[in-house]
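Notes follow once the structure below has been shown.
The values are calculated or read from the model by the stated rules, or taken from the named source; none is laboratory data. Computed from a predicted model, the values in this text were never measured in an experiment. Using ideal geometry, Cβ is built from the backbone for each residue, glycine included, and neighbour counts are taken over all protein chains shown.
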Amino acid sequence: MSDTISAATSSNFIRDIITDHLERGRYDKVVTRFPPEPNGYLHIGHAKSICLNFGLAKTFGGVCHLRMDDTNPTKEETEYVESIANDVRWLGFEWKGQDATTPFYASDYFQQLYDWAELLIQKGKAYVDSVSRDELRKNRGTLTEPGRESPFRSRTPDENLDLFRRMKAGEFEEGEHVLRAKIDLASPNMLMRDPPLYRILKAHHHRTGDAWCIYPMYDYAHGLSDALEGITHSICTLEFENNRELYDWCLDAVGFSEPRPHQYEFARLVLDYTVMSKRKLLLLVKDGLVDGWDDPRMPTIAGLRRRGVRPEAIRAFADMIGVAKTNSTVDIGKLEYCIREDLNAISPRAMAVLDPLEVVIDTWPDDLVESGDSIEAPWFPPELADGRTTTRRIPLGKTLYIERDDFMEDPPKDFHRLSPGQEVRLRYGFVIRCDRVVKDEDGKVIRLHVSHDAETRHGTTGSDKKKVKGTIHWVDAQAALDAEVRVYDRLFKVAAPDREDDFLSTLNPESKVVMQAKIEPALSAFGAGQHVQFERQGFFFTDPSDHKDGVRVFNKVVGLRDTWAKVKARTEVPSAVPEPVAKKAAKAPDTRPEKLSRAEIRERRFAADPALAARFEAMKRDLGMSEDEAELCAETHALADFVEAALAVYAKPQAIAKWVVNELLREVKERDLETLPLTAVAFAGLVKLVDEGQLSTTAGKTVFAELVQQGGDPEAIVARLGLAQVDDDGAIEAAADQVIASNADQVAKYRSGKTQLLGFFVGQVMKATGGRARPDKVSDIVKSKLG
RNA sequence: UGGGGCGUCGUCAAGUGGUAAGACACGGGAUUUUGAUUCCCGCAUGCGAAGGUUCGAAUCCUUCCGCCCCAACCA
């Protein structure tokens with residue numbers, strides 16, 4: 001793996017999990033995996049996942065497996081396997097596989113997976129279902145209605161085994177039978193309603209050929225492949241969150257015990273102005289809307305590579321956008337920034353005129369008309385030269401080309417370029433003044449006549465004496481070489497083509513514009529696959545396949561930042577065509593029931609349990625609890641019992657309710673109250689201690705946490721931990737002085753008005769006293785000391 | 001009450017009860033023979049909303065709101 005991969009990758013929740021696991025010794029090394037299905041080319045979204053998985057392995061000193069998830073022979077092809085392996089390697093990563101070049105394949109595990117399926121059948125955890133595809137779907141129920149059992153669900157293991165073996169032997173046609181996990185048709189998670197594990201597919205597999213006619217489904221194959229390879233952290237995207245339960249089921253059912261792999265999900269990359277789904281990308285390729293998978297406009301790795309983006313930029317981008325669980329859309333400007341930053345450091349500078357306008361220097365000396373002149377210029381600007389002192393000669397003659405955009409007959413006042421009567425500097429040349437404009441009969445400017453100031457010639461002393469506002473690029477007309485320059489822009493006109501009914505209708509017709517450009521002759525030395533900055537324009541890349549001797553083809557990678565374009569856009573009329581509003585694609589009907597109001601829900605609950613209703617009323621009426629408090633305390637009978645028992649020890653309903661609602665409720669979310677070591681008596685004792693001022697609230701919370709963990713007696717815990725409240729002004733003042741003395745800069749900030757720092761000081765003093773100080777007193781003392 | 005997730009600046013994103021990181025974008029300035037690069041400076045009295053707990057809440061509790069995912073023999 002390359003050393004240039006950023007070591008300072010920012011933290012994310014998955015790193016935190018792994019760090020924790022390693023610290024606790026749950027695993028002793030990290031094994032991740034990148035598991036693409038070889039049914040398409042990798043794109044920048046995959047790159048995010050690749051950087052994550054391989055990056056994690058690298059930073060934790062583990063390994064990452066590249067595994068082809070090839071369980072569906074109808075979609076997968078060897079061409080894709082090769083492109084995927086190639087792309088991963090190009091991105092700068094090495095995988096652990098059978099060897100350095102061969103990846104893992106899920107298809108290598110078909111026999112083992114099959115054997116485990118037989119095991120599940122024998123354990124009664126899987127059965128062969130023989131209903132039609134339609135029937136199966138209907139029997140699955142809906143989001144709100146449970147599914148129904150298939151009549152074949154009760155087949156014996158022996159029957160199932162026989163049928164399954166015959167499925168494998170090819171005795172049945174596709175769709176006749178399917179092997180299903182026997183889980184729970186009523187599960188709220190649709191994936192757990194007896195999901196198919198194996199289906200019959202009489203298709204030729206790209207690696208196993210015709211050896212199999214049954215193939216495992218994703219959920220079955222994936223988790224078990226992970227387990228087989230000793231994967232520790234199986235990282236996938238958010239849409240698989242629902243699959244995690246099934247992932248765990250499969251591993252448990254086959255009999256894997258800890259430490260075994262676990263699945264974690266992060267948000268996949270969504271980028272502005274592009275599409276990322278393989279289906280849509282495939283459509284663009286198949287319909288010839290782009291020039292193949294490696295069209296430089298495609299977000300594929302192959303496309304980016306051909307465009308001239310380097311792996312360094314992609315890795316920097318992956319690092320920049322981070323890893324989280326929020327569905328988000330990344331501004332494509334971030335990618336462009338990373339590309340520029342990378343290319344800026346390595347690209348030699350040259351001049352090229354994409355849209356030439358002829359310029360004749362009328363003052364050009366006669367003796368140089370034939371022979372011409374030339375100027376030496378560095379390939380790199382001084383701030384980047386960094387020891388690179390190479391230069392090239394730029395021919396210069398009487399006739400030049402400049403960029404058509406760099407001339408305006410009637411310019412706005414902040415135009416720094418060439419216009420009638422005005423001066424501009426030629427990059428590495430001299431200052432010229434526009435004397436005359438020649439137009440054709442349509443009024444189009446076809447030639448400029450200028451005069452030059454020989455004293456401003458580059459490299460001569462005093463050449464920069466004359467100050468002009470602009471410098472423009474140019475090439476000598478006689479010496480210039482012809483080149484094809486492919487100017488690429490974003491593929492879509494709208495920010496979210498995915499949200500359109502017909503995403504193809506938003507294709508940007510100007511995403512590829514081919515220019516016949518004039519370039520400086522030194523560029524003839526450039527072979528295919530080289531980067532260059534055309535000054536004032538952008539970064540370009542000689543096309544890896546089309547650029548040859550005599551045929552010069554440059555791809556535009558990305559433009560330079562263009563402040564002028566921004567200024568222009570700001571002053572011009574804002575484009576009258578508003579971005580079309582994205583229409584949401586029609587979705588399947590929402591079958592969720594109407595939302596019930598809170599009161600209705602309560603009514604329903606209490607109607608079902610009048611005794612609970614009575615307790616709720618009693619708490620409200622007899623104990624003076626608020627409606628909310630009473631409702632929460634009467635959530636279940638167990639809780640209500642607990643509250644009543646606590647009240648029997650310490651009869652202050654407000655105080656008890658407060659602690660129940662704000663502290664206890666949190667603990668009983670995941671755990672049953674009955675399993676908590678905390679007793680009602682201990683709880684009441686704690687509330688009393690705090691309520692009577694013997695314990696600060698902060699210390700009270702510490703004791704509460706202890707009680708929840710270990711149980712015990714609150715007073716004993718207070719004594720053991722030495723938490724009794726510090727009420728003594730002297731002790732608090734001493735602590736406060738200490739804190740103030742050691743935070744002089746913060747004190748200064750506070751005194752100059754940043755009073756929100758009070759919390760900081762109080763916090764420091766509280767920490768210094770181990771949370772025992774009376775907080776209100778601390779606050780008062782600190783405030784008066786800070787003045 | 002089907003279940004599972006997610007809401008912090010225009011965009012990503014840290015932050016897990018004690019000073020709302022950072023980056024991109026944006027705005028201003030300096031340097032500049034690329035309107036580039038580089039360098040400074042500015043940019044969330046506030047974390048979906050409202051209540052509550054606390055000396056102190058983005059963080060804990062409650063309720064509400066919004067968005068995403070799941071009913072392929074795809075992955």
Item to check | Output for the range A:680-709, where each listed residue is outside any helix (DSSP H, G or I) and modelled with pLDDT of 95 or more | outcome: none
Checklist entry - Mind checking whether some residue in the range A:682-690 is within 15 Å of RNA strand B (Cβ to nearest atom), touching a helix residue (DSSP H, G or I) at 6+ places or on another chain (Cβ under 7 Å), farther than 25 Å from A:G722 by Cβ and not β-branched (V, I, T)? => result no
Checklist entry - For residues in the range A:744-764 being within 8 Å of RNA strand B (Cβ to nearest atom) and aliphatic (A, V, I, L, M), which is surrounded by the most Cβ atoms within 10 Å (Cβ to Cβ)? => result A:V762
Checklist entry - Just to be sure, is A:E733 under 26 Å from A:A640 (Cα atoms), more than 13 Å from RNA strand B (Cβ to nearest atom) and part of a helix (DSSP H, G or I)? => result no
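Residues checked against (1) of a type in the set (A, V, I, L, M); (2) within 16 Å of RNA strand B (Cβ to nearest atom); (3) part of a strand (DSSP E or B):
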| site | (1), (2), (3) |
| --- | --- |
| A:F540 | no, yes, yes |
| A:D546 | no, no, no |
| A:N555 | no, no, yes |
| A:K566 | no, yes, no |
| A:R570 | no, yes, no |
Checklist entry - Considering only helices (runs of 4 or more DSSP H) fully contained in the range A:75-183, which possess at least 1 residues that are more than 16 Å from RNA strand B (Cβ to nearest atom)? => result A:78-90, A:110-122, A:157-169
Checklist entry - Does the range A:254-277 contain any residue that is more than 23 Å from the chain's Cα centre (by Cα) and part of a helix (DSSP H, G or I)? => result yes
Item to check | Checklist (1) modelled with pLDDT under 95; (2) within 30 Å of A:Q478 (Cβ to Cβ) applied to A:H531, failing item | outcome: (1)
Item to check | Looking only at the range A:437-474, and only at residues there that are away from RNA strand B (no atom under 14 Å from the Cβ), in contact (Cβ under 8 Å) with a residue 24 or more places away in the chain and not β-branched (V, I, T), the one that is farthest from A:I402 (Cα to Cα) | outcome: A:S451
Checklist entry - Can you spot a residue in the range A:47-60 that is surrounded by fewer than 24 Cβ atoms within 10 Å (Cβ to Cβ), at pLDDT 95 or above and part of a loop (DSSP other than H, G, I, E, B)? => result yes
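Listed here are the residues, each with its yes/no results for (1) among the aromatic types (F, W, Y); (2) assigned to a strand (DSSP E or B); (3) farther than 20 Å from A:H21 by Cα.
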site: A:W212; (1), (2), (3): yes, no, yes
site: A:Y215; (1), (2), (3): yes, yes, yes
site: A:D226; (1), (2), (3): no, no, no
site: A:E239; (1), (2), (3): no, no, yes
Checklist entry - Out of all the residues in the range A:305-338, which are in a loop (DSSP other than H, G, I, E, B) and either near RNA strand B (Cβ under 9 Å from one of its atoms) or in contact with a strand residue (DSSP E or B) (Cβ under 6 Å, 6 or more places away or on another chain) (or both)? => result A:G308, A:G322, A:V323, A:A324, A:K325, A:T326, A:N327, A:S328, A:T329, A:D331
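Taking A:R67, is it buried (at least 20 other Cβ atoms within 10 Å of the Cβ) and basic (K, R)?
Values: buried (at least 20 other Cβ atoms within 10 Å of the Cβ): yes; basic (K, R): yes.
Yes: the conditions hold for A:R67.
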Checklist entry - Pick from the range A:357-395 the residues that are hydroxyl-bearing (S, T, Y) and part of a loop (DSSP other than H, G, I, E, B): which of them is surrounded by the most Cβ atoms within 10 Å (Cβ to Cβ)? => result A:T363
